[in-house]
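The values are calculated or read from the model by the stated rules, or taken from the named source; none is laboratory data. Values in this document were obtained by computation on a predicted structure and should not be read as measured data. Cβ sites come from the backbone with ideal geometry, for glycine too, and all protein chains shown count toward neighbours.
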Amino acid sequence: MKELVEYIAKSLVDYPDAVVVEEKRGRSGSTLILHVAPDDAGRVIGKSGRVANAIRTLIRSVAMQNGERISLEIE
């Protein structure tokens, strides 16, 4: 799942080398933390958070097929 988020983020940003995805596992599931360059934050979030919500929806649907729970935070 980490690789999927990294691939999507690198496709959206101007500085793909600055994209870093961390994974933290907890009792209720995994949390992916996406770090991008400050100039690219707007591209990943999108207007009113539409791009970010689309990425969250995509990874949640893939995770549900695998019987997992996952969330995404963008920093």
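Data table
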quantity	calculated
Count of residues meeting criterion [of a type in the set (Gly, Ala, Ser), without any contact (Cβ under 8 Å) to a residue 12 or more places away in the chain and in a helix (DSSP H, G or I)] in the range 27-75	5
The lone exception for Asp40 - which of (1) of a type in the set (D, E, K, R); (2) out of contact with any strand residue (DSSP E or B) (no Cβ under 9 Å at 6 or more places or on another chain); (3) modelled with pLDDT of 95 or more; (4) surrounded by 15 or more Cβ atoms within 10 Å (Cβ to Cβ) it fails	(3)
Candidates Glu3, Glu23, filtered to the one that is assigned to a strand (DSSP E or B), exposed (fewer than 13 other Cβ atoms within 10 Å of the Cβ) and either touching a residue at least 24 places away in the same chain (Cβ under 8 Å) or not polar (S, T, N, Q) (or both)	Glu23
Enumeration of residues in the range 12-29 that are more than 12 Å from the chain's Cα centre (by Cα) and on the phi < 0 side of the Ramachandran plot	Val13, Asp14, Tyr15, Pro16, Asp17, Ala18, Lys24, Arg25, Gly26, Arg27, Ser28
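For every residue, the table says whether it meets (1) at pLDDT below 95; (2) not charged (D, E, K, R).
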| site | (1), (2) |
| --- | --- |
| Val19 | no, yes |
| Arg25 | yes, no |
| Arg50 | no, no |
| Ile74 | yes, yes |
